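Student: Quick one: this structure, given as structure tokens, is what I'll be asking you about.
The values are calculated or read from the model by the stated rules, or taken from the named source; none is laboratory data. Since the structure is predicted, the reported quantities are computational estimates derived from the model, not experimental observations. Glycine gets a Cβ as well: all are built from the backbone with ideal geometry, and neighbour counts include every protein chain shown.
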Amino acid sequence: MNVLFLGTGAGVPSKQRNVSAMALELLEERGTVWLFDCGEGTQHQILHTSLKPRKIEKIFITHMHGDHIFGLPGLLGSRSFQGAEDPLTIYGPKGITQFVKAALAHSQTHLRYPIEVIEGEGGIVFEDEQFIVEAILLEHGLPSYGYRVIEKDKPGTLMADKLMAAGIKPGPAYQKLKEGGSLETEEGKLILGSDFLGPPKKGKIISICGDTRSCPQLAKLAEDADLLIHEATFGEEDEKLAYEYYHSTTIQAAELAKQCRVKQLVLTHISARYQGEQVGTLLEEAVKIFSDTIIAEDLLRLEVK
């Protein structure tokens, strides 16, 4: 499981940072990619990576500001031109359906694949046997959501040595037992898979913060996350400005990570006012509070540990 940052800037693109987009690569887990936000130029950024648009299964939009959605129509069209046929689902706040439909209709863009757009107002927006995705309303100039991606726990490792000792030879029965099934031996003894499994493997939690002021709801979003991706549009000295524009500072993000027992913090959505050594200063501010912090750069690929 990897996170690929396609755009890490705030508001408008700059020479150093494109606007917001991030891919969660689940190639080993499900052979697909999930995209979070899709600012202008996202598909251009993808060209500099190994990411394949046809692999994108879901797109989660945090809010309707242009720097988070203006790249969506182009990406949808290109995905079709490149031969993608697998369905795509878009999740987002009220208005995302109208935006997508209008953009495709007025540009006469015809998609070769089925598309579903789901608008929500928070809560669980997706769940299957592998993952739960919860949307949490934050505080911004218009409805903005953070997404908490929870990987469900996996069954423990099958104890092959213990099975061999019990007289169960390797074969299809092992897979059945690993999935929690049972079987009966020739002697009539019942073998339960649960008796031959190690402890469950804890699933990972990735918390992705949309644009927001510091607010109480963030604690629920970030709690015990293996990775917290938090906007840090401003530095400590601009805390008043951050509040006025419904954004967060490096210090606020770091304090949240410490409070919520996060394992790693990644700062993104960095204002273009910070260049060169100033970005280093932003990092220093956060590290003083929460040591396992990095500032994302465009095209950074990070393994979720």
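Student: If we only count helices (runs of 4 or more DSSP H) wholly inside segment 127-236, which ones have 3 or more residues that are within 22 Å of residue 259 (Cα to Cα), in contact with a strand residue (DSSP E or B) (Cβ under 8 Å, 6 or more places away or on another chain) and not small (Gly, Ala, Ser)?
Tutor: 217-222
Student: Follow-up question, since we're still on this one. Given the condition β-branched (Val, Ile, Thr), surrounded by 17 or more Cβ atoms within 10 Å (Cβ to Cβ), in the same structural domain as residue 45 (by TED's automatic domain parsing) and out of contact with any Leu (no Cβ under 8 Å at 6 or more places or on another chain), answer yes or no: does some residue in segment 293-305 qualify?
Tutor: The answer is no, given that none of the residues of segment 293-305 is β-branched (Val, Ile, Thr), surrounded by 17 or more Cβ atoms within 10 Å (Cβ to Cβ), in the same structural domain as residue 45 (by TED's automatic domain parsing) and out of contact with any Leu (no Cβ under 8 Å at 6 or more places or on another chain).
Yes/no per residue for (1) out of contact with any Cys (no Cβ under 7 Å at 6 or more places or on another chain); (2) modelled with pLDDT under 95; (3) surrounded by 14 or more Cβ atoms within 10 Å (Cβ to Cβ):
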{"site": "73", "(1), (2), (3)": "yes, no, yes"}
{"site": "83", "(1), (2), (3)": "yes, yes, no"}
{"site": "97", "(1), (2), (3)": "yes, no, yes"}
{"site": "109", "(1), (2), (3)": "yes, no, yes"}
{"site": "114", "(1), (2), (3)": "yes, no, no"}
{"site": "125", "(1), (2), (3)": "yes, no, yes"}
{"site": "140", "(1), (2), (3)": "yes, no, yes"}
{"site": "154", "(1), (2), (3)": "yes, yes, no"}
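Student: Here's a follow-up. Could we say that residue 252 is crowded, with 16+ Cβ neighbours inside 10 Å, polar (S, T, N, Q) and in a helix (DSSP H, G or I) here?
Tutor: yes
Student: Working only within segment 1-43, note down all residues that are among the polar types (S, T, N, Q), touching a strand residue (DSSP E or B) at 6+ places or on another chain (Cβ under 6 Å) and surrounded by 18 or more Cβ atoms within 10 Å (Cβ to Cβ).
Tutor: Residues satisfying the conditions are 8, 18, 20, 42.
Student: Hey, can you tell me all the residues within segment 272-293 that are of a type outside the set (Val, Ile, Thr) and in contact with an Asp or Glu (Cβ under 8 Å, 6 or more places away or on another chain)?
Tutor: Once the filter is applied, which keeps residues that are of a type outside the set (Val, Ile, Thr) and in contact with an Asp or Glu (Cβ under 8 Å, 6 or more places away or on another chain), segment 272-293 yields 285, 290.
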